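I have placed the structure first, in the form of structure tokens, so that the comments after it can refer back to it.
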Amino acid sequence: MTSAIKKFETGEIGHWEIQADTGELFWSDEIYRIHGLDVGGEIDVEAAIQAYHPDDREKVGEYVRRALEEKEDYQFEFRLVRPSGEIRDVKSTGVVRLHPDGEVRSVFGVFQDITVSVKQKRDLEEKSRMLQQAEKLAKFGHWEIQADSGELYWSDEIYRIHGMEVGSEIDVDAAINAYHPDDREMVGEYVRRALEEKKDY
């Protein structure tokens with residue numbers, strides 16, 4: 001292992017390589033750990049693919065085949081099943097290495113455990129979904145104006161409160177013009193003071 005690769009290896013990222021002529025598979029120590037296996041145990045491509053979730057194995061095998069036979073680099077996410085039954089979310093990147101004659105010498109790749117980030121993303125999506133449901137039930141919404149661009153964001157419920165199609169184009173001026181004529185100047189002034197004078201309202 002080169003010093004650059006040693007420096008690259010972290011607690012959740014490892015590297016691997018498949019030799020095109022022999023099919024021999026090399027795993028760095030961290031990949032064994034991500035798989036929940038003892039470092040240095042015997043491993044081959046078929047056994048590695050069988051370690052993945054049954055619904056993902058065909059996809060993984062196809063990516064490996066295309067890399068070796070069609071010289072296609074790849075990057076994808078899938079699920080790994082450890083011997084304990086624990087499921088981990090992982091990301092694999094494969095880069096084809098060629099001989100001078102253009103034939104495939106090997107496929108070198110990076111393997112990363114992304115379970116934590118995937119869970120955080122799912123949790124955020126679930127919280128967003130629950131917030132949307134709460135807003136719909138309570139008839140309230142949320143919004144945000146970007147100070148640098150003036151871009152306005154409305155949640156779905158604000159569109160509904162305004163009687164507008166969810167996701168339709170909206171800006172600050174159009175939003176202010178949706179209010180009663182007697183209230184527009186007041187609303188505009190509050191927005192201006194928030195953006196220019198940092199005043200809540």
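Of note:
- Taken residue by residue, the stretch 97-105 has at least one member that is within 30 Å of Ala67 (Cα to Cα), in contact with a helix residue (DSSP H, G or I) (Cβ under 9 Å, 6 or more places away or on another chain), open to solvent by less than 80 Å² (accessible area, probe 1.4 Å) and touching a residue at least 60 places away in the same chain (Cβ under 8 Å).
For every residue, the table says whether it meets (1) out of contact with any helix residue (DSSP H, G or I) (no Cβ under 9 Å at 6 or more places or on another chain); (2) farther than 26 Å from Leu131 by Cα; (3) loosely packed, with under 15 Cβ neighbours inside 10 Å.
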| position | (1), (2), (3) |
| --- | --- |
| Trp154 | no, no, no |
| Ser168 | no, no, yes |
| Asp171 | yes, no, yes |
| Asn177 | no, yes, yes |
| Pro181 | yes, yes, yes |
| Lys198 | yes, yes, yes |
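- The stretch 64-80, residues that are open to solvent by 60 Å² or more (accessible area, probe 1.4 Å) and under 24 Å from the mean Cα position of the chain (by Cα): Arg66, Glu72, Asp73, Gln75, Glu77, Arg79
Here's the yes/no breakdown for (1) at pLDDT 90 or above; (2) in contact with a strand residue (DSSP E or B) (Cβ under 7 Å, 6 or more places away or on another chain); (3) over 30 Å from Ser28 (Cα atoms); (4) open to solvent by 70 Å² or more (accessible area, probe 1.4 Å):
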site	(1), (2), (3), (4)
Val95	yes, yes, no, no
Lys119	no, no, no, yes
Gly141	no, yes, yes, no
Glu189	yes, no, yes, yes
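- Test: residue in the stretch 85-93 that is farther than 16 Å from Ser28 by Cβ, more than 22 Å from the chain's Cα centre (by Cα) and not aromatic (Phe, Trp, Tyr): yes
- Condition met for Asp29 (closer than 16 Å to Gly109 by Cβ, exposed (fewer than 15 other Cβ atoms within 10 Å of the Cβ), within 27 Å of the chain's Cα centre (by Cα) and modelled with pLDDT of 90 or more): yes
- In the stretch 113-140, the residues that are closer than 30 Å to Ser92 by Cβ form Cβ pairs under 6 Å with partners that are of a type outside the set (Gly, Ala, Ser) and open to solvent by less than 80 Å² (accessible area, probe 1.4 Å), at six or more places apart or across chains, as follows: Asp113/Ile34; Asp113/Arg88; Asp113/Val90; Ile114/Asp89; Ile114/Lys91; Thr115/Arg88; Thr115/Asp89; Val118/Asp89.
- When residues in the stretch 152-201 are screened for being more than 16 Å from His142 (Cβ to Cβ), touching a residue at least 12 places away in the same chain (Cβ under 8 Å) and among the hydrophobic types (A, V, I, L, M, F, W, C), 3 of them pass.
The values are calculated or read from the model by the stated rules, or taken from the named source; none is laboratory data. Keep in mind the model is a prediction, meaning the values are calculated, not measured. Glycine gets a Cβ as well: all are built from the backbone with ideal geometry, and neighbour counts include every protein chain shown. SASA here: full protein model, heavy atoms, side chains in, ligands and nucleic acids out. Shrake-Rupley method; radii C 1.70, N 1.55, O 1.52, S 1.80 Å.
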